[in-house]
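First the structure, in the form of C-alpha coordinates, and then the observations on it.
The values are calculated or read from the model by the stated rules, or taken from the named source; none is laboratory data. For clarity, every value in this text was computed on a predicted model and none was experimentally measured. Every residue, glycine among them, receives a Cβ derived from its backbone with ideal geometry; neighbour counts consider all protein chains shown. With ligands, DNA and RNA removed, areas are computed over all heavy atoms of the protein, side chains included. Shrake-Rupley method; radii C 1.70, N 1.55, O 1.52, S 1.80 Å.
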Amino acid sequence: MLNTENLPVLTGDIVAPGRPEWDLARRAWNLTVDQRPALVAQPADADDVRAVMRYAIGAGLKVAAQGTGHNAAAIASLEDTILVSTQRMRGVEIDAEAQTARVRAGTLWLEVAEAATPHGLYPLSGSSPDVGVVGYTLGGGLSWLARKHGLAANHVVAIEVVTPDGELVRATAEDHADLFWALRGGGGNFGVVTAIEFRLFPYGEVYAGMFLWPYERHAEVLRAWHAWTRSAPEDVTTSFRIMHLPPLPELPPFLSGRSVVVIDGAYAGAVDDGTAAVAALRALGPEIDTWAAATPAALSRIHMDPEEPIPYLSEAALLGDLDEHALEAFAAPIQPGAPVLFGELRHLGGALAHAPEGAGATGCIEGEYLLFGIGVLMGPETAAPVRAALHDFKAALAAYDTGSLYANFTEDATDAARFYAEASYSRLRAIRRAIDPTERMVGNHPIPAT
Ligand SMILES: Cc1cc2nc3c(=O)[nH]c(=O)nc-3n(C[C@H](O)[C@H](O)[C@H](O)COP(=O)(O)OP(=O)(O)OC[C@H]3O[C@@H](n4cnc5c(N)ncnc54)[C@H](O)[C@@H]3O)c2cc1C
(Lines give C-alpha, C1' and ligand atoms only; values in the text may rest on other atoms or scores of the structure.)
Protein backbone atom coordinates (compact mmCIF):
# COMPACT_ATOMS: atom_id res chain seq x y z
CA MET A 1 0.00 0.00 0.00
CA LEU A 2 1.38 3.39 -1.03
CA ASN A 3 2.18 5.82 1.78
CA THR A 4 0.37 9.02 0.75
CA GLU A 5 1.53 11.13 3.70
CA ASN A 6 4.63 12.56 2.06
CA LEU A 7 3.23 13.45 -1.35
CA PRO A 8 4.87 16.45 -3.04
CA VAL A 9 3.12 19.80 -2.64
CA LEU A 10 2.18 21.05 -6.09
CA THR A 11 0.72 24.25 -7.48
CA GLY A 12 -1.56 21.82 -9.27
CA ASP A 13 -2.79 18.72 -7.46
CA ILE A 14 -1.91 15.13 -6.77
CA VAL A 15 -4.89 12.84 -6.36
CA ALA A 16 -4.75 9.57 -4.43
CA PRO A 17 -7.33 6.76 -4.49
CA GLY A 18 -10.17 7.52 -2.11
CA ARG A 19 -10.35 11.22 -2.92
CA PRO A 20 -13.76 12.23 -4.37
CA GLU A 21 -12.01 13.40 -7.57
CA TRP A 22 -10.30 10.03 -8.06
CA ASP A 23 -12.56 8.52 -10.70
CA LEU A 24 -12.63 11.66 -12.85
CA ALA A 25 -8.86 12.17 -12.45
CA ARG A 26 -8.02 8.66 -13.70
CA ARG A 27 -10.56 8.67 -16.54
CA ALA A 28 -9.26 8.32 -20.10
CA TRP A 29 -10.91 9.75 -23.24
CA ASN A 30 -11.49 6.19 -24.38
CA LEU A 31 -14.07 5.13 -21.80
CA THR A 32 -13.46 1.39 -22.31
CA VAL A 33 -10.14 1.85 -20.48
CA ASP A 34 -10.25 1.45 -16.70
CA GLN A 35 -7.00 3.15 -15.65
CA ARG A 36 -5.76 2.17 -12.19
CA PRO A 37 -2.54 4.11 -11.47
CA ALA A 38 -1.05 4.50 -7.99
CA LEU A 39 -1.65 8.28 -8.08
CA VAL A 40 -2.77 10.91 -10.56
CA ALA A 41 -0.64 14.07 -10.65
CA GLN A 42 -2.19 17.17 -12.20
CA PRO A 43 0.79 19.52 -12.53
CA ALA A 44 0.20 23.20 -13.19
CA ASP A 45 3.69 23.83 -14.59
CA ALA A 46 7.12 22.36 -15.32
CA ASP A 47 8.22 22.78 -11.68
CA ASP A 48 5.33 20.58 -10.61
CA VAL A 49 6.36 17.97 -13.18
CA ARG A 50 9.92 18.00 -11.82
CA ALA A 51 8.60 17.59 -8.26
CA VAL A 52 6.48 14.62 -9.35
CA MET A 53 9.39 12.99 -11.19
CA ARG A 54 11.66 13.41 -8.16
CA TYR A 55 9.01 12.01 -5.86
CA ALA A 56 8.59 9.02 -8.21
CA ILE A 57 12.35 8.39 -8.15
CA GLY A 58 12.37 8.46 -4.33
CA ALA A 59 9.29 6.26 -4.01
CA GLY A 60 10.38 3.77 -6.68
CA LEU A 61 7.32 4.49 -8.83
CA LYS A 62 7.00 4.69 -12.60
CA VAL A 63 5.62 7.71 -14.47
CA ALA A 64 3.17 7.82 -17.39
CA ALA A 65 2.38 11.13 -19.12
CA GLN A 66 -1.09 11.63 -20.53
CA GLY A 67 -2.86 14.55 -22.18
CA THR A 68 -6.35 13.31 -22.99
CA GLY A 69 -6.17 9.53 -22.90
CA HIS A 70 -7.13 9.18 -26.58
CA ASN A 71 -4.49 6.46 -26.84
CA ALA A 72 -4.93 5.02 -23.35
CA ALA A 73 -6.08 1.62 -24.62
CA ALA A 74 -2.54 0.78 -25.72
CA ILE A 75 -1.04 1.07 -22.23
CA ALA A 76 -0.37 -2.38 -20.82
CA SER A 77 -0.49 -1.47 -17.12
CA LEU A 78 -0.31 1.53 -14.80
CA GLU A 79 0.56 -0.56 -11.73
CA ASP A 80 3.00 1.26 -9.41
CA THR A 81 2.78 4.24 -11.75
CA ILE A 82 2.00 7.93 -11.27
CA LEU A 83 -0.24 9.08 -14.10
CA VAL A 84 0.85 12.63 -14.94
CA SER A 85 -2.23 14.23 -16.45
CA THR A 86 -1.25 17.45 -18.23
CA GLN A 87 -4.79 18.80 -18.59
CA ARG A 88 -4.08 21.84 -16.39
CA MET A 89 -1.07 22.85 -18.50
CA ARG A 90 -2.87 24.68 -21.31
CA GLY A 91 -1.91 27.66 -23.44
CA VAL A 92 -0.84 28.65 -26.95
CA GLU A 93 1.63 31.39 -27.96
CA ILE A 94 1.71 32.22 -31.66
CA ASP A 95 4.78 33.95 -33.11
CA ALA A 96 3.20 35.29 -36.29
CA GLU A 97 6.48 36.59 -37.66
CA ALA A 98 8.41 33.36 -37.14
CA GLN A 99 5.28 31.36 -38.10
CA THR A 100 5.60 29.09 -35.10
CA ALA A 101 3.51 28.11 -32.10
CA ARG A 102 4.66 27.17 -28.61
CA VAL A 103 2.04 25.25 -26.69
CA ARG A 104 1.96 23.85 -23.17
CA ALA A 105 1.69 20.11 -22.69
CA GLY A 106 -2.07 19.73 -22.15
CA THR A 107 -3.18 21.86 -25.11
CA LEU A 108 -5.75 20.43 -27.53
CA TRP A 109 -5.56 20.88 -31.31
CA LEU A 110 -8.69 23.04 -31.49
CA GLU A 111 -7.07 25.53 -29.09
CA VAL A 112 -4.07 25.86 -31.42
CA ALA A 113 -6.25 26.13 -34.51
CA GLU A 114 -8.38 28.86 -32.92
CA ALA A 115 -5.31 30.84 -31.83
CA ALA A 116 -3.71 30.51 -35.29
CA THR A 117 -6.86 31.38 -37.28
CA PRO A 118 -6.61 35.20 -36.97
CA HIS A 119 -3.07 34.99 -38.40
CA GLY A 120 -4.06 32.80 -41.39
CA LEU A 121 -1.50 30.25 -40.13
CA TYR A 122 -2.30 26.53 -40.34
CA PRO A 123 -1.03 23.94 -37.83
CA LEU A 124 -0.61 20.33 -38.95
CA SER A 125 -3.53 19.23 -36.77
CA GLY A 126 -5.38 15.96 -37.19
CA SER A 127 -9.01 15.12 -37.74
CA SER A 128 -10.07 15.49 -34.12
CA PRO A 129 -10.36 18.88 -32.40
CA ASP A 130 -9.82 17.45 -28.91
CA VAL A 131 -6.79 15.24 -29.50
CA GLY A 132 -3.78 16.47 -27.52
CA VAL A 133 -1.01 18.25 -29.43
CA VAL A 134 1.80 16.49 -27.58
CA GLY A 135 0.61 12.86 -27.78
CA TYR A 136 -0.32 13.33 -31.45
CA THR A 137 3.02 14.90 -32.38
CA LEU A 138 5.18 12.46 -30.42
CA GLY A 139 3.45 9.66 -32.37
CA GLY A 140 3.98 11.28 -35.81
CA GLY A 141 0.93 13.40 -36.59
CA LEU A 142 -1.18 12.74 -39.69
CA SER A 143 -2.99 15.95 -40.68
CA TRP A 144 -5.22 17.15 -43.51
CA LEU A 145 -2.12 18.78 -45.03
CA ALA A 146 -0.01 15.64 -44.62
CA ARG A 147 0.52 14.64 -48.25
CA LYS A 148 1.89 18.12 -48.84
CA HIS A 149 3.96 18.64 -45.68
CA GLY A 150 4.51 15.15 -44.24
CA LEU A 151 4.17 14.28 -40.57
CA ALA A 152 3.69 16.99 -37.94
CA ALA A 153 6.71 15.59 -36.02
CA ASN A 154 8.95 16.69 -38.90
CA HIS A 155 8.03 20.33 -38.24
CA VAL A 156 8.80 20.48 -34.52
CA VAL A 157 11.35 23.12 -33.55
CA ALA A 158 11.85 22.42 -29.84
CA ILE A 159 10.54 20.20 -27.08
CA GLU A 160 10.74 21.06 -23.37
CA VAL A 161 10.83 17.89 -21.33
CA VAL A 162 11.42 16.70 -17.78
CA THR A 163 13.70 13.71 -18.21
CA PRO A 164 13.49 10.57 -16.03
CA ASP A 165 16.26 11.94 -13.78
CA GLY A 166 14.08 14.97 -12.94
CA GLU A 167 15.84 17.64 -15.03
CA LEU A 168 14.02 20.08 -17.32
CA VAL A 169 15.75 20.37 -20.71
CA ARG A 170 14.93 22.03 -24.02
CA ALA A 171 15.67 19.57 -26.82
CA THR A 172 16.33 20.91 -30.31
CA ALA A 173 18.32 19.81 -33.35
CA GLU A 174 21.39 21.38 -31.67
CA ASP A 175 20.86 20.70 -27.95
CA HIS A 176 20.02 17.23 -26.60
CA ALA A 177 19.85 16.20 -30.24
CA ASP A 178 19.43 12.46 -29.54
CA LEU A 179 16.51 13.15 -27.22
CA PHE A 180 14.99 15.52 -29.79
CA TRP A 181 15.27 12.82 -32.45
CA ALA A 182 13.78 10.13 -30.17
CA LEU A 183 10.81 12.18 -28.99
CA ARG A 184 9.65 12.86 -32.55
CA GLY A 185 8.01 9.46 -33.07
CA GLY A 186 9.22 7.67 -29.95
CA GLY A 187 6.27 8.82 -27.84
CA GLY A 188 6.17 8.99 -24.06
CA ASN A 189 9.23 6.80 -23.36
CA PHE A 190 11.78 9.56 -22.74
CA GLY A 191 10.29 11.95 -20.20
CA VAL A 192 7.30 14.21 -19.55
CA VAL A 193 6.99 16.91 -22.19
CA THR A 194 6.01 20.25 -20.69
CA ALA A 195 5.82 22.33 -23.91
CA ILE A 196 6.37 21.94 -27.63
CA GLU A 197 7.19 24.41 -30.37
CA PHE A 198 6.42 23.81 -34.07
CA ARG A 199 6.02 25.48 -37.45
CA LEU A 200 2.75 26.84 -38.86
CA PHE A 201 1.94 27.23 -42.55
CA PRO A 202 0.84 30.59 -44.03
CA TYR A 203 -1.88 29.55 -46.42
CA GLY A 204 -4.31 32.39 -45.84
CA GLU A 205 -6.96 29.88 -46.90
CA VAL A 206 -7.25 26.20 -47.67
CA TYR A 207 -10.11 24.44 -49.46
CA ALA A 208 -11.68 21.72 -47.35
CA GLY A 209 -14.91 19.93 -46.56
CA MET A 210 -16.85 16.73 -47.09
CA PHE A 211 -18.93 15.01 -49.73
CA LEU A 212 -21.65 12.63 -48.58
CA TRP A 213 -23.62 9.97 -50.49
CA PRO A 214 -26.19 7.41 -49.35
CA TYR A 215 -24.67 4.03 -48.48
CA GLU A 216 -26.19 2.42 -51.56
CA ARG A 217 -23.62 4.22 -53.71
CA HIS A 218 -20.59 2.97 -51.74
CA ALA A 219 -19.11 0.62 -54.35
CA GLU A 220 -19.20 3.14 -57.19
CA VAL A 221 -17.89 6.03 -55.04
CA LEU A 222 -15.10 3.89 -53.54
CA ARG A 223 -13.99 2.77 -56.99
CA ALA A 224 -13.97 6.37 -58.23
CA TRP A 225 -12.14 7.71 -55.14
CA HIS A 226 -9.52 4.98 -55.39
CA ALA A 227 -8.92 5.70 -59.09
CA TRP A 228 -8.74 9.44 -58.31
CA THR A 229 -6.21 8.98 -55.48
CA ARG A 230 -3.78 7.35 -57.90
CA SER A 231 -3.14 10.66 -59.63
CA ALA A 232 -4.35 13.20 -57.05
CA PRO A 233 -1.78 15.95 -56.39
CA GLU A 234 0.20 16.00 -53.15
CA ASP A 235 -1.67 19.16 -52.19
CA VAL A 236 -4.80 17.16 -51.41
CA THR A 237 -5.26 14.72 -48.51
CA THR A 238 -8.56 12.86 -48.18
CA SER A 239 -10.30 10.07 -46.33
CA PHE A 240 -13.01 7.66 -47.54
CA ARG A 241 -15.46 6.27 -44.98
CA ILE A 242 -18.45 3.99 -44.83
CA MET A 243 -20.33 5.11 -41.71
CA HIS A 244 -23.25 3.56 -39.82
CA LEU A 245 -24.62 6.16 -37.45
CA PRO A 246 -26.93 5.39 -34.55
CA PRO A 247 -30.22 7.30 -34.28
CA LEU A 248 -29.07 9.96 -31.82
CA PRO A 249 -30.78 13.32 -31.31
CA GLU A 250 -27.38 15.07 -31.02
CA LEU A 251 -26.51 14.07 -34.60
CA PRO A 252 -27.70 16.23 -37.51
CA PRO A 253 -30.66 14.69 -39.41
CA PHE A 254 -28.51 13.89 -42.46
CA LEU A 255 -26.47 11.53 -40.26
CA SER A 256 -28.77 10.29 -37.48
CA GLY A 257 -29.65 6.64 -37.95
CA ARG A 258 -28.23 6.51 -41.48
CA SER A 259 -25.59 4.52 -43.35
CA VAL A 260 -23.59 6.88 -45.53
CA VAL A 261 -20.42 7.24 -47.57
CA VAL A 262 -18.21 10.24 -46.77
CA ILE A 263 -15.12 11.62 -48.47
CA ASP A 264 -13.54 14.50 -46.61
CA GLY A 265 -10.21 16.25 -46.58
CA ALA A 266 -8.39 19.37 -47.62
CA TYR A 267 -6.52 20.95 -50.49
CA ALA A 268 -3.47 22.91 -49.27
CA GLY A 269 -4.06 26.01 -51.35
CA ALA A 270 -6.55 28.37 -52.89
CA VAL A 271 -10.22 27.59 -53.56
CA ASP A 272 -9.95 27.64 -57.37
CA ASP A 273 -7.08 25.17 -57.45
CA GLY A 274 -8.76 23.00 -54.84
CA THR A 275 -12.03 23.02 -56.75
CA ALA A 276 -10.20 21.73 -59.83
CA ALA A 277 -8.40 19.06 -57.77
CA VAL A 278 -11.62 17.51 -56.39
CA ALA A 279 -13.74 17.99 -59.54
CA ALA A 280 -13.83 14.26 -60.31
CA LEU A 281 -15.30 13.56 -56.85
CA ARG A 282 -17.88 16.33 -57.14
CA ALA A 283 -18.88 14.92 -60.53
CA LEU A 284 -20.23 11.87 -58.65
CA GLY A 285 -23.11 14.06 -57.51
CA PRO A 286 -22.91 13.96 -53.71
CA GLU A 287 -26.05 14.48 -51.64
CA ILE A 288 -24.11 16.93 -49.43
CA ASP A 289 -21.11 19.04 -50.45
CA THR A 290 -19.55 21.29 -47.79
CA TRP A 291 -16.22 22.01 -49.55
CA ALA A 292 -15.33 25.69 -49.17
CA ALA A 293 -12.54 27.98 -47.93
CA ALA A 294 -11.77 26.75 -44.41
CA THR A 295 -10.00 28.48 -41.52
CA PRO A 296 -7.64 26.39 -39.35
CA ALA A 297 -10.45 26.13 -36.78
CA ALA A 298 -12.94 24.93 -39.41
CA LEU A 299 -10.41 22.39 -40.68
CA SER A 300 -10.38 20.81 -37.20
CA ARG A 301 -14.03 19.83 -37.52
CA ILE A 302 -14.56 18.61 -41.10
CA HIS A 303 -14.23 14.93 -40.07
CA MET A 304 -17.03 15.26 -37.49
CA ASP A 305 -14.97 13.37 -34.88
CA PRO A 306 -16.61 13.08 -31.45
CA GLU A 307 -15.56 15.83 -29.05
CA GLU A 308 -16.53 14.08 -25.84
CA PRO A 309 -15.08 10.86 -24.40
CA ILE A 310 -16.62 7.69 -25.84
CA PRO A 311 -16.27 3.93 -25.20
CA TYR A 312 -14.86 2.35 -28.36
CA LEU A 313 -12.56 -0.25 -29.86
CA SER A 314 -10.50 0.22 -33.01
CA GLU A 315 -8.32 -1.59 -35.54
CA ALA A 316 -5.79 -0.13 -37.95
CA ALA A 317 -3.34 -1.23 -40.64
CA LEU A 318 -1.07 0.32 -43.25
CA LEU A 319 -1.95 -0.98 -46.70
CA GLY A 320 -0.06 -1.01 -49.98
CA ASP A 321 -1.72 -0.34 -53.32
CA LEU A 322 -5.26 -1.65 -53.62
CA ASP A 323 -7.01 -3.39 -56.51
CA GLU A 324 -10.64 -4.15 -57.36
CA HIS A 325 -10.65 -7.18 -55.07
CA ALA A 326 -9.33 -5.09 -52.16
CA LEU A 327 -12.11 -2.53 -52.57
CA GLU A 328 -14.74 -5.27 -52.34
CA ALA A 329 -12.93 -6.82 -49.37
CA PHE A 330 -12.91 -3.41 -47.60
CA ALA A 331 -16.66 -2.94 -47.92
CA ALA A 332 -17.90 -6.51 -47.35
CA PRO A 333 -17.38 -6.76 -43.54
CA ILE A 334 -18.86 -3.32 -42.83
CA GLN A 335 -22.29 -3.61 -44.38
CA PRO A 336 -25.31 -2.15 -42.56
CA GLY A 337 -25.92 -4.21 -39.44
CA ALA A 338 -22.22 -4.72 -38.70
CA PRO A 339 -21.39 -3.31 -35.23
CA VAL A 340 -18.95 -0.69 -36.52
CA LEU A 341 -19.31 3.08 -36.50
CA PHE A 342 -17.11 3.43 -39.54
CA GLY A 343 -14.50 1.80 -41.73
CA GLU A 344 -12.01 4.26 -43.19
CA LEU A 345 -9.24 4.53 -45.75
CA ARG A 346 -6.95 7.57 -45.46
CA HIS A 347 -4.89 8.40 -48.49
CA LEU A 348 -1.16 8.40 -47.66
CA GLY A 349 1.81 8.89 -50.01
CA GLY A 350 3.09 12.23 -51.22
CA ALA A 351 5.32 13.85 -48.61
CA LEU A 352 4.35 11.12 -46.12
CA ALA A 353 6.31 8.55 -48.10
CA HIS A 354 9.84 9.86 -47.39
CA ALA A 355 11.53 11.10 -44.23
CA PRO A 356 12.99 14.55 -44.86
CA GLU A 357 16.50 15.60 -43.82
CA GLY A 358 16.61 16.09 -40.06
CA ALA A 359 13.50 14.01 -39.32
CA GLY A 360 13.03 12.22 -36.00
CA ALA A 361 12.41 8.55 -35.22
CA THR A 362 9.18 8.54 -37.28
CA GLY A 363 9.73 10.69 -40.35
CA CYS A 364 7.38 8.98 -42.81
CA ILE A 365 4.60 6.39 -43.04
CA GLU A 366 4.88 3.26 -45.12
CA GLY A 367 1.97 2.38 -47.40
CA GLU A 368 -0.54 3.96 -49.74
CA TYR A 369 -3.59 3.89 -47.47
CA LEU A 370 -4.23 3.77 -43.74
CA LEU A 371 -7.05 1.42 -42.78
CA PHE A 372 -8.97 2.38 -39.63
CA GLY A 373 -12.15 1.02 -38.11
CA ILE A 374 -14.03 1.98 -34.97
CA GLY A 375 -16.88 0.35 -33.09
CA VAL A 376 -18.65 2.07 -30.20
CA LEU A 377 -19.63 -0.08 -27.22
CA MET A 378 -23.28 0.31 -26.25
CA GLY A 379 -22.67 -1.88 -23.15
CA PRO A 380 -20.07 -4.40 -21.94
CA GLU A 381 -21.89 -7.21 -23.76
CA THR A 382 -21.20 -5.52 -27.10
CA ALA A 383 -17.40 -5.73 -26.68
CA ALA A 384 -17.07 -9.25 -28.11
CA PRO A 385 -19.15 -8.69 -31.29
CA VAL A 386 -17.48 -5.31 -31.93
CA ARG A 387 -14.02 -6.79 -31.47
CA ALA A 388 -14.89 -9.67 -33.81
CA ALA A 389 -16.28 -7.31 -36.47
CA LEU A 390 -13.18 -5.10 -36.36
CA HIS A 391 -10.95 -8.17 -36.53
CA ASP A 392 -12.80 -9.38 -39.65
CA PHE A 393 -12.58 -5.89 -41.18
CA LYS A 394 -8.79 -5.83 -40.81
CA ALA A 395 -8.32 -9.49 -41.75
CA ALA A 396 -10.18 -8.96 -45.03
CA LEU A 397 -7.33 -6.73 -46.21
CA ALA A 398 -4.50 -8.92 -44.86
CA ALA A 399 -3.12 -9.56 -48.36
CA TYR A 400 -2.52 -5.81 -48.76
CA ASP A 401 -1.11 -5.17 -45.27
CA THR A 402 2.46 -3.81 -45.28
CA GLY A 403 3.04 -5.27 -41.80
CA SER A 404 4.18 -1.85 -40.54
CA LEU A 405 2.02 0.14 -38.16
CA TYR A 406 1.45 3.81 -37.45
CA ALA A 407 1.73 4.45 -33.69
CA ASN A 408 -1.07 7.02 -33.39
CA PHE A 409 -3.73 4.74 -34.85
CA THR A 410 -2.54 1.67 -32.95
CA GLU A 411 -4.70 1.36 -29.86
CA ASP A 412 -3.63 -1.92 -28.39
CA ALA A 413 -0.47 -3.23 -26.73
CA THR A 414 1.81 -3.86 -29.70
CA ASP A 415 5.48 -4.63 -30.35
CA ALA A 416 6.80 -1.10 -30.99
CA ALA A 417 9.35 -2.48 -33.47
CA ARG A 418 6.53 -2.44 -36.04
CA PHE A 419 6.40 1.38 -36.02
CA TYR A 420 10.02 1.96 -37.04
CA ALA A 421 12.73 1.09 -39.53
CA GLU A 422 15.12 -1.43 -37.95
CA ALA A 423 17.98 1.05 -37.52
CA SER A 424 15.65 3.64 -35.96
CA TYR A 425 14.31 1.10 -33.48
CA SER A 426 17.85 0.12 -32.41
CA ARG A 427 18.75 3.79 -32.00
CA LEU A 428 15.58 4.42 -29.96
CA ARG A 429 16.49 1.56 -27.61
CA ALA A 430 20.03 2.88 -27.20
CA ILE A 431 18.74 6.38 -26.39
CA ARG A 432 16.26 4.89 -23.92
CA ARG A 433 19.12 2.98 -22.29
CA ALA A 434 21.08 6.19 -21.92
CA ILE A 435 18.20 8.38 -20.72
CA ASP A 436 15.94 5.98 -18.85
CA PRO A 437 17.93 2.82 -18.02
CA THR A 438 15.48 1.71 -15.30
CA GLU A 439 12.45 2.25 -17.59
CA ARG A 440 10.79 4.73 -15.25
CA MET A 441 8.62 6.13 -18.06
CA VAL A 442 5.53 4.19 -19.14
CA GLY A 443 4.74 5.12 -22.73
CA ASN A 444 1.59 4.01 -24.50
CA HIS A 445 3.90 2.09 -26.86
CA PRO A 446 6.89 0.99 -24.74
CA ILE A 447 10.37 0.97 -26.26
CA PRO A 448 12.51 -1.34 -24.14
CA ALA A 449 15.85 -0.06 -22.86
CA THR A 450 17.50 -3.46 -23.26
C1 LIG B 1 -11.28 10.37 -32.76
C2 LIG B 1 -9.80 10.29 -33.02
C3 LIG B 1 -9.25 10.94 -34.13
C4 LIG B 1 -7.88 10.88 -34.39
N5 LIG B 1 -7.37 11.50 -35.49
C6 LIG B 1 -6.04 11.45 -35.73
C7 LIG B 1 -5.46 12.06 -36.88
O8 LIG B 1 -6.16 12.68 -37.69
N9 LIG B 1 -4.13 11.95 -37.08
C10 LIG B 1 -3.30 11.30 -36.20
O11 LIG B 1 -2.10 11.25 -36.42
N12 LIG B 1 -3.83 10.70 -35.10
C13 LIG B 1 -5.16 10.77 -34.86
N14 LIG B 1 -5.68 10.14 -33.76
C15 LIG B 1 -4.78 9.40 -32.88
C16 LIG B 1 -4.14 10.30 -31.84
O17 LIG B 1 -3.20 11.16 -32.46
C18 LIG B 1 -3.42 9.43 -30.81
O19 LIG B 1 -4.40 8.72 -30.08
C20 LIG B 1 -2.56 10.28 -29.87
O21 LIG B 1 -1.73 9.42 -29.12
C22 LIG B 1 -3.43 11.09 -28.96
O23 LIG B 1 -2.67 11.99 -28.21
P24 LIG B 1 -3.30 12.53 -26.85
O25 LIG B 1 -2.26 13.32 -26.16
O26 LIG B 1 -4.62 13.13 -27.14
O27 LIG B 1 -3.59 11.15 -26.11
P28 LIG B 1 -2.96 10.52 -24.81
O29 LIG B 1 -3.57 9.17 -24.69
O30 LIG B 1 -3.09 11.44 -23.68
O31 LIG B 1 -1.43 10.39 -25.15
C32 LIG B 1 -0.93 9.32 -25.91
C33 LIG B 1 0.48 9.03 -25.47
O34 LIG B 1 1.32 10.13 -25.81
C35 LIG B 1 2.33 10.28 -24.83
N36 LIG B 1 2.18 11.60 -24.21
C37 LIG B 1 1.08 12.38 -24.12
N38 LIG B 1 1.37 13.54 -23.49
C39 LIG B 1 2.68 13.46 -23.15
C40 LIG B 1 3.59 14.32 -22.48
N41 LIG B 1 3.23 15.51 -22.00
N42 LIG B 1 4.87 13.91 -22.33
C43 LIG B 1 5.29 12.73 -22.80
N44 LIG B 1 4.48 11.86 -23.44
C45 LIG B 1 3.20 12.23 -23.61
C46 LIG B 1 2.13 9.17 -23.79
O47 LIG B 1 2.92 8.06 -24.11
C48 LIG B 1 0.66 8.85 -23.97
O49 LIG B 1 0.33 7.53 -23.56
C50 LIG B 1 -7.04 10.16 -33.51
C51 LIG B 1 -7.60 9.50 -32.40
C52 LIG B 1 -8.96 9.54 -32.16
C53 LIG B 1 -9.52 8.80 -30.99
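Here are some notes:
- Per residue, the accessible area of the chain comes to 39 Å² when a 1.4 Å probe rolls over the protein heavy atoms.
- Here the gap between ASP80 and ASP305, fully extended at 0.36 nm per residue and compared with their Cα-Cα distance, gives a gain of 77.7 nm.
- Zone residues, region 407-450, relative to ASP178, backbone N less than 12 Å from point 7 Å out along Cα-to-Cβ: 427-437
- Bridge type composition, the chain - antiparallel percent by DSSP, nearest 5: 85
- A Cβ-based charge dipole, computed about the Cα centre of region 409-450 with Lys and Arg at +1 and Asp and Glu at -1, lands at about 260 debye.
- In this structure, the amide hydrogen of MET210, modeled 1.01 Å from its nitrogen in the peptide plane, lies closer than 5 angstrom to those of THR290, TRP291, counting only residues at least 5 positions away or on a different chain.
- Per-residue ³J(HN,Hα) for region 427-441, Karplus 6.51 cos²θ - 1.76 cosθ + 1.60, θ = phi - 60°, Hz, x for Gly and Pro: 5, 4, 5, 5, 5, 4, 4, 6, 8, 9, x, 8, 6, 5, 6
- Surface composition of region 7-88: carbon plus sulfur atoms hold 49% of the accessible area, using a 1.4 angstrom probe and ignoring ligands, DNA and RNA.
- Projecting the Cα atoms of PRO336, ILE288, LEU313 onto the charge dipole of region 266-416, computed from C-beta unit charges around the Cα centre, puts ILE288 farthest toward the positive end.
- The amide H of ALA65, built 1.01 Å from its N in the peptide plane, has VAL84, VAL442 as neighbours under 5 Å, considering only residues 5 or more places off or on other chains.
- Remark: the ALA270-GLU422 segment gains 50.7 nm on full extension, using 0.36 nm per residue and subtracting the alpha carbon distance.
- Full-extension gain in nm, HIS391 to PHE254, via 0.36 nm per residue minus C-alpha separation: 46.4 nm
- Mean-square fluctuations from a GNM of the chain, with a 10 angstrom spring cutoff on Cα atoms, peak among LEU24, LEU83, LEU222 at LEU24.
- Relative contact order for region 68-127, counting Cα pairs under 8 Å that sit 6 or more residues apart, in percent: 26
- With at most 14 neighbouring Cβ atoms within 10 Å, loop GluC sites (Glu not before Pro) (DSSP) excluded, longest segment of the chain: 358-450
- Length-normalised contact order of region 20-107 in % [C-alpha pairs under 8 Å, at least 6 apart]: 31
- Choice from ARG282, ARG241, ARG199 with maximal GNM fluctuation in the chain (Cα, 10 Å cutoff): ARG282
- Alpha-carbon centroids, region 43-95 and region 152-230: separation in whole Å: 20
- Nearest-20 debye value, region 136-279 charge dipole, Cβ charges on Lys, Arg, Asp, Glu: 640
- Taking every DSSP beta bridge that has both ends in region 1-95, the antiparallel portion is near 25%.
- Listed residue (PRO8, PHE198, ALA105) projecting farthest to the positive dipole end of the chain, Cβ model: PRO8
- Sparse-neighbourhood loop sites, trypsin sites (Lys or Arg not before Pro) in region 49-153 - DSSP loop, at most 15 other Cβ within 10 angstrom: ARG90
- Loop sites in region 420-450: trypsin sites (Lys or Arg not before Pro), DSSP, at most 13 other Cβ within 10 Å: none
- Take the Cα of ILE57, step 7 Å toward its Cβ, do the same at GLN99, and the gap between the two points is 4.1 nm.
- Each residue of region 15-22 was assigned a 3J(HN,Hα) from its phi angle through the Karplus expression (A = 6.51, B = -1.76, C = 1.60, θ = phi - 60°), giving 10, 9, x, x, 6, x, 7, 4 Hz with x at Gly and Pro.
- Note on TYR215/GLU357: beta-carbon distance plugged into 1/(1 + (r/R0)^6) with R0 of 35 Å gives a FRET efficiency of 0.20.
- Long-range HN-HN contacts of ILE14 with modeled amide H, under 5 Å: GLN42
- Lys, Arg +1 and Asp, Glu -1 on Cβ, resulting dipole of the chain about Cα centre, debye, nearest 20: 460
- The mean sequence separation of alpha-carbon pairs under 8 Å and at least six residues apart, normalised by the residue count of region 300-368, gives a relative contact order of 31 percent.
- Once both labels are positioned 7 Å from their Cα atoms along Cα-to-Cβ, the gap between ALA280 and GLU324 label points is 1.7 nm.
- Phi-based couplings in Hz for region 402-411 (Karplus 6.51, -1.76, 1.60; Gly and Pro marked x): 6, x, 7, 9, 9, 4, 5, 9, 9, 10
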